[in-house]
Amino acid sequence: MSQQIIYLLPVLIPIFLSILIKITWEIQNLRYPILLSGPILALWSVYKIQQNSDFMSSSINIFDIFPNIGISLGLEPISFVFIIMVNSLWLVATLYSYGYMRTNNEKRLGNFFSFFAIAIGCANGAALSSNLLTLFIFYELLTVSTYPLVTHKGDEQSKQSGRKYLLILLGTSLCFFLPAMGYVYYVSGDLDFVSGGLLTTTLSGMKVNNIAISILLVLFIFGISKAAVMPFHSWLPAAMVAPTPVSALLHAVAVVKVGVFSIIKVLVYIFGLDILLGLFSVDFMIYICGFTIITTSVIALKQDNLKKLLAYSTISQLSYVVIAILILTPSAIIAASMHLVAHAVSKITLFFAAGAIYSSTGYTKISEMDGIGKNLKVVSIAFTLGAMSLVGIPLLVGFTSKWYIVQSSVEVGQWFILLIITISTLLNIGYFTPIIYKFFFKNELKEVSFKTLPQDINLSIIICCALMVILFLQPNLVMEVISNVK
Amino acid sequence: MNEHAPALVVMLPIIGAVLIMLIRHNNLNWGIALLSGISTIYYSIILYLNARSVGTISYAMGGWEPPVGIEYRIDEFNSLLIALIATVSFLILVYAKSSLNIELKKNKISTFYSMYLLCLGGLIGILSTGDAFNAFVFLEISSLATYVIISMGNDRRGLLAAYQYLIIGTIGATLYVIGVGLIFIITGSLNLYDISVKLGDIELYRPLLASLAFITVGIALKIALFPLHAWLPNAYAFAPSVGTAFLASTATKVAIYLLIKYLYLVYGFDLVYSNQIFIFVVLSLSIIAMFGASMIAIFQSNLKKLFAYSSVAQIGYITLGIGIANYNGLIGSTVHIINHSIIKAAIFLAIGCLVFSSKIVNIDQLAGLGKRMPMVAVCITVSSLSLIGVPGTVGFISKWYLVLGSLEQGLWVVVFALAVSSILALIYVGRIIELIWFHAPVGGMVSQNKIPFEMIAVTVVMTIATIYFGIDTRLTGDLAKIAVENVLLGEQL
Amino acid sequence: MSSTIYNFISSYNYYVIIFLMISGLFIVVSRGNMVKKLVGLALFQTSVYILYISPGKILNGTAPILDDGYSIYSSPFPHVLILTAIVVGIATLALGLSLVIRVNEEFGTIEEDELFDNEPNNE
């Protein structure tokens, strides 16, 4: 197959799948096979890409939209890790969603899974982008394709949340991301992701307008609001009205990770670490991220709705990644990427658990969830493991990534970041511990009937827990790949 | 025949119009109109290919040589627009048969076709002509036909809208002709090319500026540049759907082209743009148009009026590119002329389908459309995404060039204005999307007519075009680039 | 000084033009009756005719009929243009008046304020 098709496959496969799903949904028996085939085929296509021996450094031009720039796809270490993570977790999430949607009798599943697949296709496209224009296009398409998923329930609250979602995401990308992208093109004549940084290489000889580039950094970070840096974070709690599979996969894994992933790409391959070292806005953004981390952790402390709590926790963790990137050393970038993966796996476990609790008991509020641990053992243990991973307890992957971030910040003497991480870890413990305590050590508040959970849900949760442990024990799986980042 | 293509492209629609007035059979007239349309497209493509290979074609009408005789000058820019207008008009004509049967009294349909073709001929005439006064004549031909088109619908407010447009439009055309008169007094010639040569030697400055002012304001009335836009919402709202679709996608664009031609080819870049006030006025009015019209659109309840105000805002984008006046800005304007034609045609054709099927007029009647008429609902949703500028749609292409152009001039205000107006568009489009897909259908549905195939087909084709040309820009972006490079900036480069 | 006054006085054609232009526009704007607006419009267009024709009179020029005894002729060119413009004006007027007739049939009035009461434009 021609090179172009191979690189396009991870995007095309989910899109074709979505059409297939819509057409064949009525045929009950075909549903599960078709749904599962998607992630499997996507993973296979990534495998095919990496068969090409120099796949890490080549970039394939698909077609030009504007003179000299168009859709260009390519893989490099961080995006390779990212795309495998997204698709593997898609596989697990498909298992989970099917069971979840059946148990909760959600309607219009055909549309749901169809849009789900399109969204993953867009995420894959963003992962594969080798220039900023392609990234921007898939970034926007991701927003548009996840809107029907966020508003799936179709009620008034979904509508309101959907509005907030679109307004913040599209608004910031149009107001900040697009002009920033235009400025990059204006200054350097190109939009490619270049190792060492596009701006660093094209502006190396000339006097760099420090103020402009500093503002550019701020524009990009705020413009890529999928990374939920305050104050453009409120779309994430609002999006929790969506069914839990959506929250789990998209808003713990795909959508938000595309956000921080984009920030990594932009900072490493558009700015370049060298030019960033001289900017004064880096400190400003570190303070903003630090503020985000602490504030959202505090808000999480006060949340009663479990999913909202997890949402604020996600925002906090995302800023971990961004603040790690802003340390601006290669090891910090590696740490940030590691945390990207670690948080994805941990958070998806937590969301799966939350969804399982809801499916089984109908509870969404933490105050109702006393004593669940007795009946929903697998789910509660999984939740505990996920929480422990985020807090950073050894034996789970969250520890590894946090350790690397701490190491990187010590290396450059970023005591502020160290302080923030310490405080927020304490806050994490603060909001997770009561929940775990409630699960196991309290008695049930009232008589509750526990619906038995289908096997898919249990299986998927167990797989996620296993992943957390495996990645801890074998961090090389990720680290070796990412270390190739120049 | 081909060497007479410049004349044929104007005359074929007009001949068609006359024939239709003589033959009073509705369906036969539709056939004649289609025939006219197709032959016009054919010759317009021949014209464009000729213009690409030769450069500028000069055609002396009636064999009388310029600068005394009337000359038609075809270059890469106007032949591109001629082909665009011919194609879009033809597609709308295909759509027209069934739509008109519902929206017009039977005895008026032939007259409608006739006026439609007359307007088309007039518009193509404005595009092709190289004579200032001839442009006025064609401007009035197309405008008069437009007034009739607007007044023909079953809604009696169309009469008032047509009258209002008549008054305002005639004032506009008269202001234009005053400007031409001043130029005529100064240079003694009416041939645009000749005038541009003569203006190079002239020293009289004030009459020249005065004529520029008159011509600009006159054309501004015709293109509904804020605040001279008052006629547009009513005209679009109360005209028959076919008329709205046709006018929204063609009439204002042609007038903008005329303005561009004057600014760049007749007066010349240096004269116009050394005048800081001119740039300031154009830019401010464009930005106010983008904001103000979008905000008014948010509060409209009549569906057609909403998109009419949206058109005023989009025209602000086009004039923005003219105000920015660098390479990318002009490409942005040109490509948006093409793109906006396609977008508005798609939207108003879809609305026409809604009117045909359930007489939908107000935005509240859209509730639950996603279930009742999914095809049309998807068409409206997809084509409205272009108004926001979602990548993958044509709206994004224009926006990118405009952003780039403004950045190059250091006009950060403009960049943010572009972004914020997109958000405003998001709000009114979002309202519509929510109603279509989230609400249950309002009870007491008017009986639904099944939408005929050709109406749906044309609407879908237009909608697909809004996506297709957002991805493959060879036909729009590249050609716009060539048009701008060779024609507008030819002297600069 | 005297040449300035001379220029000032001899440009009287332009004063007429301006007067007609402004009064025509004023009538369009200030009168609410649809027919009166059309009258104003016609007046406005008349000013344009004079704008074209009056400069056509060349100083010392005679009527534009070729004759051996004369060497300077007035320009007939503007007259041609204005014939076209007059025709356009007539067509516009005719169309406008027919619209007025139709409005009268449909609404029963041609006064703008009464029309506004019937059908406010912001519907």
Worksheet item: Using Cα pairs under 8 angstrom and six or more residues apart, how large is the relative contact order of chain B, in percent?
Response: 14
Worksheet, complete the sentence: Stretched fully, the stretch from B:ARG52 through B:MET1 gains (0.36 nm per residue minus C-alpha distance, one decimal, in nm) 16.5 nm
Fill in: Sites A:ASN68 and B:GLU454 - FRET efficiency at Förster radius 45 Å, r taken between beta-carbons, to 0.05
0.65
Worksheet item: What does the charge dipole of chain A about its Cα centre add up to, to the nearest 20 debye, if the Cβ of each Lys and Arg holds +1 and the Cβ of each Asp and Glu holds -1?
Response: 1120
Worksheet, complete the sentence: The answer for the net charge of residues other than B:GLY69 whose Cβ lies under 15 angstrom from its Cβ, with Lys and Arg +1 and Asp and Glu -1, is -3
Item to complete: Relative to the longest principal axis of the C-alpha atoms of chain A, give the angle of the C-alpha long axis of helix A:28-51, reported between 0 and 90° and rounded to the nearest 10°.
Response: 30
Fill in: Over chain B: helical MRE at 222 nm, DSSP H runs n ≥ 4 each giving -39500 (n - 2.57), nearest 500
-25000 deg cm²/dmol
Practice prompt. Pick out the long, greasy-scoring helices in chain C: whole DSSP H runs spanning 27 Å or more along their own axis by Cα, mean Kyte-Doolittle at least -1.0.
Written response: C:34-53, C:77-107
Worksheet item: Once label points are set 7 Å from the Cα along Cα→Cβ at both B:SER274 and B:ASN362, what is their separation, rounded to one decimal in nm?
Response: 5.7
Item to complete: At a 1.4 Å probe radius, which order do A:ILE462, B:ILE397, B:ILE279 fall into by accessible area, largest first?
Response: A:ILE462, B:ILE279, B:ILE397
Item to complete: Over region B:310-493, calculate the relative contact order: mean separation of alpha carbon pairs under 8 Å at least 6 apart, over the residue count, as a percent.
Response: 34
Worksheet item: Of A:LEU376, A:PHE450, A:PRO434, whose Cα points farthest to the positive end of the dipole of region A:357-486 (charges on the beta-carbon: +1 Lys, Arg; -1 Asp, Glu; origin at the Cα centre)?
Response: A:PHE450
Discussion item. Heavy atoms of the protein only, probe of 1.4 Å, neighbouring chains included. What is the accessible area of A:THR94 in Å², nearest 10?
Written reply: 10
Fill in: R0 of 51 Å, Cβ-Cβ distance A:LEU395-A:ASP190: FRET efficiency to nearest 0.05
0.65
Worksheet item: Of C:ASN7, B:CYS353, B:LEU93, whose Cα points farthest to the positive end of the dipole of the protein assembly as shown (charges on the beta-carbon: +1 Lys, Arg; -1 Asp, Glu; origin at the Cα centre)?
Response: B:CYS353
Discussion item. Given a 1.4 Å probe and heavy atoms of the protein chains only, how would you sort B:GLU76, C:GLU114, A:GLU26, largest accessible area at the top?
Written reply: A:GLU26, C:GLU114, B:GLU76
Worksheet item: For chain C, what is the calculated [θ] at 222 nm in deg cm²/dmol (nearest 500), taking -39500 (n - 2.57) for each run of four or more DSSP H residues and dividing by its residue count?
Response: -23500 deg cm²/dmol
Worksheet item: If each of A:GLN3 and C:TYR70 carries a label point 7 Å out from its Cα toward its Cβ, how far apart are those two points in nm?
Response: 8.1
Practice prompt. Pick out, from A:ASN104, B:LEU49, B:LEU118, the residue whose Cα sits farthest towards the positive end of the charge dipole of the protein assembly as shown, with +1 on the Cβ of Lys and Arg and -1 on the Cβ of Asp and Glu.
Written response: A:ASN104
Worksheet item: In peptide C:87-96, what is the residue-averaged number of other protein chain Cβ atoms found within 10 Å of each Cβ?
Response: 5
Item to complete: List the pair-distance distribution P(r) of region B:310-493, using every Cα-Cα distance, as the percent of pairs falling in each 10 Å bin from 0 up to the bin containing the longest distance, rounded to whole percents.
Response: 10, 35, 30, 17, 7, 1, 0
Worksheet item: Within the accessible area of the protein assembly as shown, what % is carbon and sulfur when the probe is 1.4 Å and the other protein chains stay in place?
Response: 67
Worksheet item: Taking the alpha-carbon centroid of each part, what is the distance from region A:100-139 to region B:253-297 in angstrom?
Response: 42
Worksheet item: If you line up the long axis of helix A:377-391 against the longest principal axis of chain A, both from Cα atoms, how many degrees apart are they, to the nearest 10?
Response: 30
Worksheet item: Of A:ASP190, A:ASP274, which has the most accessible area with a 1.4 Å probe, and how do the rest follow in descending order?
Response: A:ASP274, A:ASP190
Worksheet, complete the sentence: Quick calc, B:LEU28 & A:TRP44: beta-carbon distance into FRET formula, R0 56 Å, rounding 0.05, result 0.40
Fill in: Whole-Å distance, taken between Cα centres, linking region A:338-412 and region C:18-40
78
Worksheet item: With every protein chain present, what accessible area does B:VAL413 have (1.4 Å probe, heavy atoms only), rounded to the nearest 10 Å²?
Response: 110
Item to complete: Roll a 1.4 Å probe over the protein heavy atoms and report the accessible area of A:PHE450 in Å², nearest 10.
Response: 50
Worksheet, complete the sentence: Whole-Å distance linking the alpha carbon centroid of region B:327-344 with that of region B:364-421 is 13
Discussion item. Can you order the peptides A:137-149, B:257-269, B:140-152, B:365-377 by their average number of other Cβ atoms within 10 Å per residue, highest first?
Written reply: B:140-152, A:137-149, B:257-269, B:365-377
Worksheet item: Charges only on Cβ, +1 for Lys and Arg, -1 for Asp and Glu: so what's the dipole of the protein assembly as shown about the Cα centre, in debye to the nearest 20?
Response: 3040
Worksheet entry | Cα→Cβ-extended label distance, 7 Å offset, between C:SER10 and B:SER301, nm | 6.5
Worksheet entry | Dipole moment magnitude, nearest 20 debye, region B:310-493 about Cα centre, only Lys, Arg, Asp, Glu C-beta charged | 580
Practice prompt. Over region A:200-286, calculate the relative contact order: mean separation of alpha carbon pairs under 8 Å at least 6 apart, over the residue count, as a percent.
Written response: 41
Worksheet entry | Taking all pairs of distinct alpha-carbon atoms in chain A, Kirkwood radius in angstrom | 22.4
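The values are calculated or read from the model by the stated rules, or taken from the named source; none is laboratory data. Just so it is clear, the model here is predicted, and its values are computed rather than measured. Virtual Cβ from ideal backbone geometry, glycine too; neighbours counted across all protein chains shown. Ligands, DNA and RNA are stripped out before the accessible areas are found, and what is left, the full protein with its side chains, is counted by its heavy atoms. Shrake-Rupley method; radii C 1.70, N 1.55, O 1.52, S 1.80 Å.
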